[in-house]
1. Within segment 28-39, identify whether any single residue is farther than 13 Å from Trp113 by Cα and of a type in the set (A, V, I, L, M), and answer yes or no.
2. Output the number of residues of segment 13-31 satisfying the condition of being touching a residue at least 60 places away in the same chain (Cβ under 8 Å) and surrounded by fewer than 17 Cβ atoms within 10 Å (Cβ to Cβ).
3. Looking at segment 83-109, which of the residues that are touching a helix residue (DSSP H, G or I) at 6+ places or on another chain (Cβ under 7 Å) and touching a residue at least 24 places away in the same chain (Cβ under 8 Å) is surrounded by the most Cβ atoms within 10 Å (Cβ to Cβ)?
4. So, of the residues in segment 68-82 that are touching a residue at least 40 places away in the same chain (Cβ under 8 Å) and polar (S, T, N, Q), which turns out to be surrounded by the most Cβ atoms within 10 Å (Cβ to Cβ)?
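Where a number appears in this text, it was derived from the coordinates with a stated rule and is not lab data. Since this is a predicted model, take the numbers as computed values, not measurements. For neighbour counting, all protein chains shown are included, and Cβ atoms are generated from backbone atoms with ideal geometry for every residue, glycine included.
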Amino acid sequence: QVQLVESGGGLVQTGGSLRLSCAASGSTFSINAIGWYRQAPGKQRELVAAISSGGYTNYADSVKGRFTISRDNAKNTVALQMNSLKPEDTAVYYCAADKIWGRLSSPSYVTSWGQGTQVTVSS
C-alpha cells in the first residue's frame, strides 16, 4: 500500500505561480510512475504531468512550457511547479502513483491517490 499526501494548493492570480508537493509513504519501493491529475467541476479527471523512476516525464499539452514536474526518489516526494497560471488551471489536483508507467495514464487503473488539493486561479 502507498499513501500520498499533497500540499501547496491555494488561491493565486492569473500569471502567478504555485508549487505543489506530494509525499509518498508505505510501499514506496513499488512506485515507478508518479504524477498529478486534476479535476475541474463538471469535467473528467485529466493527467497533468507524470514522471517515472528514471526521470522520464510526460505533460498534458495544455501545461507544456508552464508546469514542471520533479521527483526526489530518496525522499519519496514529487513536486509540480506551476507558472503562468490561468483561470482554466483551476481544479482539484491529485497526486497519483502506480508501479506500472502505462497505468498512470488512465485514472481507472491508477492504484494510489492522494486526497487532493484545491488550486484556484482568479482572473
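1. Within segment 28-39 (the criterion being farther than 13 Å from Trp113 by Cα and of a type in the set (A, V, I, L, M)), the answer is no, since none of the residues qualifies.
2. First, pick out the residues of segment 13-31 that are touching a residue at least 60 places away in the same chain (Cβ under 8 Å): 13-20, 22, 24, 30-31.
Cutting the leftovers down to surrounded by fewer than 17 Cβ atoms within 10 Å (Cβ to Cβ) gives us 13-17, 19, 30.
Adding up the residues that qualify gives 7.
3. From segment 83-109, those touching a helix residue (DSSP H, G or I) at 6+ places or on another chain (Cβ under 7 Å) are 96, 98-99, 109; that's our starting set.
Those still in the list that are touching a residue at least 24 places away in the same chain (Cβ under 8 Å) too: 96, 98-99.
On the way: Ala96: 24, Asp98: 22, Lys99: 16.
That would be Ala96.
4. Ranking the candidates gives Asn76 first.
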